[in-house]
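In what follows, a single structure is set out as structure tokens and then discussed.
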Amino acid sequence: CIAQFPKMSSIYKDYRSNGFEIIGISIDNISKKEIWQEVIKKHDLKWPQLLDDKGVESSKLGINVFPSNLLVNNSGQIVRINLRPSELRSYLINQK
């Protein structure tokens, strides 16, 4: 997950003005909130970050492999699942 931060940050920078958004969801325990916040700051993550304490909500959605990602279009439909950063960039390039 952390290894993808630089590439995801670059994609976010390049496509945010086109309506692309990232929402990060961590499944850390609330007791480790300060460590989680330090990671966000250290890696200068600009997109919204949410904390799903102990992964309760993620589990309800069947998300149990991390990192996982869902690409959702403007209509709320999931169009791709678990894209690597290079695949995401290619997808976004082809959407122009």
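The values are calculated or read from the model by the stated rules, or taken from the named source; none is laboratory data. Everything numeric in this text was worked out from a predicted model, so none of it was measured. Cβ atoms come from the backbone with ideal geometry, glycine included; neighbour counts cover every protein chain shown. Accessible surface areas use protein heavy atoms only, side chains included; no ligands, DNA or RNA. Shrake-Rupley method; radii C 1.70, N 1.55, O 1.52, S 1.80 Å.
Give me the residue from the stretch 18-64 that is in a loop (DSSP other than H, G, I, E, B) and open to solvent by 90 Å² or more (accessible area, probe 1.4 Å) and, out of that set, farthest from Ile2 (Cα to Cα). Explain how you work it out, then say what you get.
Step one: filter the stretch 18-64 for residues in a loop (DSSP other than H, G, I, E, B), giving 19-23, 27-29, 43-48, 52, 61-64.
With the extra rule that they be open to solvent by 90 Å² or more (accessible area, probe 1.4 Å), the set shrinks to 23, 46, 61, 64.
Details: Ile23: 15, Lys46: 14, Leu61: 23, Asn64: 17 Å.
Among those that are in a loop (DSSP other than H, G, I, E, B) and open to solvent by 90 Å² or more (accessible area, probe 1.4 Å), it is Leu61.
Conditions tested, residue by residue: (1) basic (Lys, Arg); (2) out of contact with any Lys or Arg (no Cβ under 8 Å at 6 or more places or on another chain); (3) modelled with pLDDT under 95.
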site	(1), (2), (3)
Ile40	no, yes, no
Asp44	no, yes, no
Leu61	no, yes, yes
Leu71	no, no, no
Pro85	no, no, no
Tyr91	no, no, no
Discussion item. Looking at the stretch 61-87, I want the residues that are in contact (Cβ under 8 Å) with a residue 24 or more places away in the chain and closer than 13 Å to Phe20 by Cβ and have a partner that is of a type in the set (Gly, Ala, Ser) and part of a loop (DSSP other than H, G, I, E, B) with Cβ atoms under 9 Å, at least 6 apart or on another chain. Which pairs are those?
Written reply: Asn74/Gly19
Item to complete: Find the residue count for the stretch 1-17, including only residues that are surrounded by 12 or more Cβ atoms within 10 Å (Cβ to Cβ) and either in contact with a strand residue (DSSP E or B) (Cβ under 8 Å, 6 or more places away or on another chain) or among the charged types (D, E, K, R) (or both).
Response: 3
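How many residues are of a type in the set (Val, Ile, Thr) and within 20 Å of Ile81 (Cα to Cα) if we restrict to the stretch 7-55?
Residues meeting the conditions: 5.
Among Ser90, Ser68, which is the only one that is under 16 Å from Lys13 (Cα atoms), open to solvent by less than 90 Å² (accessible area, probe 1.4 Å) and hydroxyl-bearing (Ser, Thr, Tyr)?
Just a single option satisfies the conditions, and that option is Ser90.
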Worksheet item: For the stretch 1-48, what are the residues that are over 15 Å from the mean Cα position of the chain (by Cα) and charged (D, E, K, R)?
Response: Asp14, Lys32, Lys33, Glu34, Glu38, Lys41, Lys42
